[in-house]
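Only the coordinates and a few stated rules stand behind these numbers; no lab work does. Everything quoted here is computed from the prediction, not taken from an experiment. Heads up, the Cβs are rebuilt from the backbone with ideal geometry, glycines too, and the neighbour counts pull from every protein chain shown.
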Amino acid sequence: MGLSAKKGLAEFIGTFVLVLFGCGSAATAGGNLGNLGIALAFGLSIVAMAYVIGPISGCHINPAVSFAMLIRRKLSGTDFILYVVCQIAGGLAGAAVLYAIIDSTGSAVVNLGANGFGEGYGIGISLAMAIIVEIILTFVFVFTIFGVTSEESNGKVAGLVIGLTLAFVHILGIALTGTSVNPARSLAPAVLLGGTALEQVWVFLVAPLVGGALAAIVHKVLRHK
């Protein structure tokens, strides 16, 4: 298997795990776990995958991260397309398995951990505020990634720091938008659920990309590299 194929497969697997375990925890056990438990499910998914596929693909498993790396010229245009396609495919596969698990119980599949805003979702923030929240959350997440990976000496702890950062942005964001910070993670459940989730998903595609781009630009300015 060629290097590009290995990278693509790694990104597919990583995103599959993130969506299945992160969104799965929210959809099947959110009432028992609470926001902190769901946040840790997403964060620990990143920690696990970072140490497994990080040496292969960098463990982006997030188009916003890949876009930021493209802006910083740490990822080629060809690899960016490969990563995003595999991330979306992995997310859809994870959501499909989650859908099948819930459907097999005879329960109506009404929640796959989809993101949202407005009346009836979380505390009911507005469209404009949802966009702002997702930009800020993604900025913090991607900015941390740049910071912790900028020094080789951080290699042993990078996965842990990144995973914990994803967990802490979820702690704030779950009650607001469900916390996307990742277009692939948001698109997958929205496609399968349809309805309002699909109508609103554009926010969770665009805002994380904007947040990731801002993180790349700001970090470059601060590092002068």
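The modelled label-to-label distance for the pair T105/K220, using points 7 Å beyond Cα in the direction of Cβ, is 4.6 nm.
Taking every alpha-carbon pair under 8 Å whose residues sit at least 6 apart, the chain reaches a relative contact order of 30 percent. Label-to-label distance, T196 versus L3, with points set 7 angstrom from Cα along the beta-carbon direction: 4.8 nm.
Of the chain, which part is the longest with no GluC sites (Glu not before Pro) in a loop (DSSP not H, G, I, E, B) and with at most 12 other C-beta atoms within 10 angstrom?
Numbers: sites that count: E119, E151.
Between the exposed loop sites, the longest stretch runs 1-118.
Distance from the Cα centroid of segment 135-154 to that of segment 1-68 is 16 Å (rounded to whole angstrom). Exposure proxy ranking for H60, H219, H170, based on other Cβ atoms within 10 angstrom of each Cβ and starting from the fewest, stands as H219, H170, H60. Computed 3J(HN,Hα) for segment 2-17, one whole-Hz value per residue from the Karplus formula 6.51 cos²θ - 1.76 cosθ + 1.60 where θ = phi - 60°, is x, 4, 4, 5, 5, 4, x, 5, 4, 5, 4, 4, x, 6, 4, 5, glycine and proline marked x. Treating r as the C-beta distance of L172 and I56 and R0 as 25 Å, the FRET efficiency rounds to 0.20. Compared with the dominant Cα axis of the chain, that is its longest principal axis, helix 155-173 is turned about 40°.
Based on other C-beta atoms within 10 Å, arrange F141, F12 from fewest to most.
Values: F141 28, F12 24.
Going from least to most buried by this count: F12, F141.
Evaluating 6.51 cos²θ - 1.76 cosθ + 1.60 at θ = phi - 60° for every residue in segment 71-85, the Karplus couplings come out as 4, 7, 6, 9, 8, 6, x, 5, 5, 4, 4, 4, 4, 5, 4 Hz, glycine and proline recorded as x. Compared with the dominant Cα axis of the chain, that is its longest principal axis, helix 195-223 is turned about 20°.
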